[in-house]
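One structure below.
Readers should treat all values here as calculations from the given coordinates under stated rules, not as data from a laboratory. Just so it is clear, the model here is predicted, and its values are computed rather than measured. Note: ideal-geometry Cβ built from the backbone for every residue, glycine included; neighbour counts use all protein chains shown.
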């Protein structure tokens, strides 16, 4: 019956038209009949068209409706483990985690302030452990091209303290969790991010029967914030690790402080890389922490060095930091008012950095730049030395933060700091960043009683530091640590100075765990004894720390300076690549600090570039497949005994490229870029080769046999200011 009704309805319009036509013809109404006939024919054609159109449209709508319905069901009622796991990562990493420097009651969103780091493939001897690195390269890239080019790479990401290694991993985790990787690189494969902090699991993986990677992931997942328990973790990850769908990120090999534990940790990492050969791994560490165990990591096939910020990145970070800070402070979305307030504060800070070479040197380090912005925001003025910046940060956290909030405290910032110094040094001596509450109370009880009286409660003191200042953070129930290792290192150095225990540092002169504490101590005291101890030890690590102490030391005996200079000169002829590089870097650095000023814009060199100095350029270019050695050399290195002789036989194009390279690595806030086939320099000064007129007008201060060599085959350099210093934006072309 239903089909009959449908047929009648379908044909009723045409049938009615036919009846009207027949009736008109029967009455001999020819005009009306013709009109009715034409209308009936058109109606029949339209009906046929409509039937076919409706059928196809109905089919398409049904298919689309089915897809949309499945999507809605999947989103609303069927969110699987993978989606819930990604959401837990978003909860964990969506805000910045630079604890201790967030003086406001809010934390910036990571994506709003993050500035991508540049990394460069490098051999380990080329990587510096110093917090402030002058070296940068125009060949550096973000990490994404490396992840795309080698889908199953085993990467060691090496950088000094505060260079942004951990934040880079957290940003990778957040990017993949939000599935925004195509925005970073169009060919980036989809990955399931896994991020483990090795110091959290050091005891477990150093045990006789360590857990597997999947077992650690299972425990880590339970720690992550989630709207409901994440169950079924093990089976889910076993499958995806085996299929190469995960990106495994292991942070902080150097923070496994005990050498024996670090070796076992490296062996464990290598075993996991072997087991899950299809999944990419990233392992982070400070240079010496990795160097001490690299023989236990044969699976590592790519070493990437984290590059310091250049000026554009400093500008980006400060602008973003103040915009986010102002937006959160006013609890408003970003609008023209927020933008104007942020621009004003950012411009003031950028101007201060540009006008202060020491601040400019610190600003290339992301952690120090964050600290600079923090102090500027709350103090309005900035210190000139790194150790003074740490002192200012502690003062802000322990005192001025409470003052800004209108809180009273019977202990001064200095009194609280002396108590925390005891705790920091004990942590360094025990090779740990964390401590249980009961242990910490025993360690500080005597010092706390000295400054606050016998009735002072250590538990209350520590909890107050954690709640109010943020200098301590609670990692888990009754387990605390300093907000950042660098703060623990500074406080430990201050304590060693206060109690006159320099011998403690001398015993650890080439221990990677103590290197930053040694530098920070030298910046507050006479560094002569530590430098001499390092010279006597005569290792790459000890000579590196000796030179750092010479650079940052408050005072250094003249005889010790000479001893270090002798050691450096001997290092120029060393066949050990790391010792040679260190010595050559020292020689080149001293050259650039002793240029002769000839006018208000130009400084010139008073001697020729030596073979040892030019060798640094050759080695770096060779590491990226480019040959820049002089044609007359019979090997890739200068002849023995020629380290201090002028480099000769250099092509004119290579000499210009050497100056480009020198500019990029020496200008703290400048860099060289490729734009439209041209090399464009952005910064406050550049290096160039002396012109023939300048060579004649300013001869060498000390004539030598080198003068007999034709001028065109040797290199003398000039440092030239690109724009007047009062300008804030610099851009010029070679």
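Taking R0 as 35 Å, what FRET efficiency do you get between residue 622 and residue 451 from their Cβ-Cβ distance, rounded to the nearest 0.05? Each step should come with its number before you reach the end.
On the way: r = 58 Å, r/R0 = 1.64.
Given R0 = 35 Å and the Cβ-Cβ separation, E is 0.05.
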So, relative contact order of region 586-630 in percent, Cα under 8 Å, 6 or more apart, is 23
Please label the shape of region 200-267 as rounded, prolate or oblate, based on the square roots a ≥ b ≥ c of the eigenvalues of the alpha-carbon gyration tensor (a/c under 1.5 means rounded; beyond that, a/b larger than b/c means prolate, else oblate). prolate
Relative exposure of 638, 658, judged by other C-beta atoms within 10 Å (fewest first): 638, 658
Separation between the residue 644 and residue 551 pseudo-spin-labels, each 7 Å from Cα along Cα→Cβ, expressed in nm? 2.3
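Peptides 153-160, 390-397, 625-632: what's the order by average Cβ count within 10 Å, highest mean first?
Working: 153-160: 23.6, 390-397: 21.9, 625-632: 12.4.
Packing proxy ranking, top to bottom: 153-160, 390-397, 625-632.
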Quick one: 109, 457, 654, fewest Cβ neighbours within 10 Å first, how do they rank? 457, 109, 654
Fully extended, how many nm does the chain gain between residue 109 and residue 274 (0.36 nm per residue separation, minus their Cα-Cα distance)? 55.8 nm
Cα gyration tensor of region 406-540, axes a ≥ b ≥ c as square roots of the eigenvalues: rounded (a/c below 1.5), prolate (a/b > b/c) or oblate? prolate
List the relative contact order of region 297-419 as a percent without decimals, with contacts defined as Cα pairs under 8 Å and 6+ residues apart. 19
By the C-alpha gyration tensor axes a ≥ b ≥ c (rounded if a/c is under 1.5, else prolate when a/b exceeds b/c, else oblate), the shape of region 354-394 is rounded
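Sequence gap at least 6, Cα distance under 8 Å: using those rules, report the relative contact order of region 507-549 to the nearest whole percent. Mind dumping the intermediate values first?
Details: 38 pairs, mean separation 20.3, N = 43.
In percent, rounded to a whole number, it is 47.
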